[in-house]
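Working notes, beginning with the structure itself.
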Amino acid sequence: MKESAIQSKIIKYLTSEGYYTFKIMSASKNGIPDIFAKKGSRSLFFEVKTDTGRLSPLQVIAIDRLNDGLECAYMVRSLDDVKAVLSASVTSKLSAHQLK
């Protein structure tokens, strides 16, 4: 499945769960994740990759920097990965690269 199809499924799901969600089409910094989602005080970023996709060095840096603050950023490969993040982040913060 293409990244764009995975992204569409994720955005549709997050929106149905009450998140303010959008695809980041273009950013002034390289490496910024693909999807932003916010619900209440929770801000999440998702970098979507296919089964064979890998994070670039700039994406790793961006995810690590976002995770330094109150935001949480993750690399995900499917809607199931996003659901796992949402379940886990209720009680704890997953490592950005845990879902590789």
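Please compare each pair in LYS49/LYS83; LYS12/LYS83; LYS2/LYS38 to a cut-off of 18 Å on the Cα-Cα distance and tell me which ones are over it. Show your work: numbers first, answer last.
Numbers: LYS49/LYS83 15 Å; LYS12/LYS83 13 Å; LYS2/LYS38 24 Å.
Violating the 18 Å Cα-Cα cut-off are LYS2/LYS38.
Using 1/(1 + (r/R0)^6) with R0 = 25 angstrom and r between the beta carbons of ILE61 and SER26, what's the FRET efficiency to the nearest 0.05?
With a Förster radius of 25 Å, E is 0.85.
Starting with the fewest neighbours, write out ASP34, ASP68, ASP81 ranked by other beta-carbon atoms found within 10 Å of each beta-carbon.
With the fewest neighbours first, ASP34, ASP68, ASP81 line up as ASP68, ASP81, ASP34.
Which one of TYR20, LEU86, CYS72 has its Cα pushed farthest toward the positive end of the charge dipole of the chain, where Lys and Arg give +1 and Asp and Glu give -1 at the Cβ?
TYR20
To the nearest 20 debye, what charge dipole does the chain have about its Cα centre, counting +1 at the Cβ of each Lys and Arg and -1 at the Cβ of each Asp and Glu?
Working: 15 positive and 10 negative charges, 27 e Å.
The dipole magnitude comes to about 140 debye.
Give me the net charge of TYR19's neighbourhood, meaning all other residues with Cβ under 12 Å from the Cβ of TYR19; Lys, Arg count +1, Asp, Glu -1.
Values: positive: LYS12, LYS38, LYS39, ARG42; negative: GLU17.
Residues close to TYR19 contribute a combined charge of +3.
Which three extents, in whole angstrom, do the alpha-carbon atoms of the chain cover along their principal axes, largest first?
Over the chain, Cα extents along the principal axes are 30, 30, 25 Å.
Return the calculated 222 nm mean residue ellipticity for the chain, to the nearest 500 deg cm²/dmol, obtained by summing -39500 (n - 2.57) across DSSP H runs with n ≥ 4 and dividing by the residue count. Write out the running numbers ahead of the final one.
Values: 3 runs with 34 residues, N = 100.
Roughly -10500 deg cm²/dmol at 222 nm, from the helical runs in the chain.
Choose one answer from GLY40, GLY18, GLY53: the residue with the largest mean-square fluctuation in a GNM of the chain with alpha-carbon springs under 10 Å.
GLY40
Each reported figure results from applying straightforward, stated rules to the coordinates on display, with no laboratory input. Since the structure is predicted, the reported quantities are computational estimates derived from the model, not experimental observations. Heads up, the Cβs are rebuilt from the backbone with ideal geometry, glycines too, and the neighbour counts pull from every protein chain shown.
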